[in-house]
């Protein structure tokens, strides 16, 4: 369980540069902080005259993991092995070994803010940096949706024999759909609107009925959070103005075990919330993402009827946990990013009859692309 006290480490760019030097023997020329929910991430760029520049021209990401997950050392080792395996099929960040030849090192950090006296040991990792743009705050088009779904399908196909990752399969994470029932205890303290509270409780009840079916499906290793901040686009055909091909994956911090359809539901949640660049509904965008995914994992078509409830459950997690996090740390505006679009999508999705949603998806999947 993630405890109630703050978990996010505090450090600035100056200390990030020091850690890159002391722990990984990399001399930073420029360091900038990246968006993160519970961890701290920094882009580390080497100087052009650095002997390692030609090998790492795009630099690195220095990641300081929150103190709770930093204690999960088996997880940190397992996810490094997983990233290396997936990278053979799908572009993703690769772990860079420390000067002692380890996947991660540790140091002590103030938790919650620079003045905090609450100090904990946190894991520090260095990853290669993937060039490209995330989809965050961008309008999505047909190609983006298709390749976004296709990326998840390729990831699922790349992870062979999931039983080789027992630590990942049994891992608890508060953002897993397995943790949805925990939202019930947060509703009274986070949601004041009675209708919204009733809506979330309706979704939770539907999920509870679905859970035995989910547990009967084969277990897979799931990415867990293929949202708009965790995928990258690159230019198509060398045209710098058309970078709408989703090609790479970031941030494996939410990896856990479950049915593949759960990972697909998380992806569709963020496709539904993404602004569209065409005269196409968000449900049709989700249909395009499904099309891309099913090209690689066609057997999952049998589980499409589960998706409405699973997507709604993830939307509930997003809005409720976002409100909870903001109450704990009002300075962290990032956690409010999905509130407006999240509630709007949740209401619309839950009001859409199952048959209508599946018919829309089938029409898109069977249509020209």
Task: Distance between modelled label sites at residue 14 and residue 133, nm, 7 Å Cα→Cβ extension - done: 3.4
Open item on the list: With a 10 Å cut-off between alpha carbons and a GNM built on the chain, which of 124, 191, 159 moves the most?
Closed with: 191
Open item on the list: Just to verify a number: FRET efficiency for residue 197 and residue 360, C-beta to C-beta distance, R0 = 35 Å, to 0.05?
Closed with: 0.75
Task: region 99-128-region 131-155 distance, computed between alpha-carbon centres (Å) - done: 31
Open item on the list: How far apart, in nanometres, would the label points at residue 369 and residue 280 be if each is projected 7 angstrom from Cα along the Cα-to-Cβ direction?
Closed with: 1.0
Task: Rg [Å, one decimal], Dmax [Å, integer] - the chain, C-alpha atoms - done: 20.4, 61
TODO: Find how many whole Å separate the alpha carbon centroid of region 13-65 from the alpha carbon centroid of region 282-305.
DONE: 37
- [ ] Subtracting the Cα-Cα distance from 0.36 nm times the residue separation, let me have the gained length for residue 205 to residue 81 in nm, one decimal.
- [x] 40.9 nm
TODO: Mind giving me the FRET efficiency for residue 27 and residue 186? R0 is 35 Å, r the Cβ-Cβ distance, nearest 0.05 is fine.
DONE: 0.20
Task: Value of [θ]222 nm, deg cm²/dmol, for the chain, DSSP H segments ≥ 4, -39500 (n - 2.57) each, nearest 500 - done: -13000 deg cm²/dmol
Task: Percentage relative contact order, region 83-235, counting C-alpha pairs under 8 Å, at least six apart - done: 26
TODO: Choose one answer from 28, 20, 198: the residue with the largest mean-square fluctuation in a GNM of the chain with alpha-carbon springs under 10 Å.
DONE: 198
Task: Calculated FRET value between residue 160 and residue 35, using beta carbons and R₀ = 56 Å, to 0.05 - done: 0.95
TODO: Enter the angle in degrees (range 0 to 90, nearest 10) between the Cα long axis of helix 260-273 and the first principal axis of the Cα atoms of the chain, meaning the one along which they spread out most.
DONE: 90
- [ ] Enumerate the residues in region 164-197 having an amide nitrogen under 19 Å from the point lying 7 Å beyond the Cα of residue 216 toward its Cβ.
- [x] 178
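Rule-based calculations on the coordinates, nothing more; no lab input. Small disclaimer: the values here were computed from a predicted structure and weren't measured. Here Cβ is always computed from backbone atoms with ideal geometry, including for glycine, and neighbour counts include all displayed protein chains.
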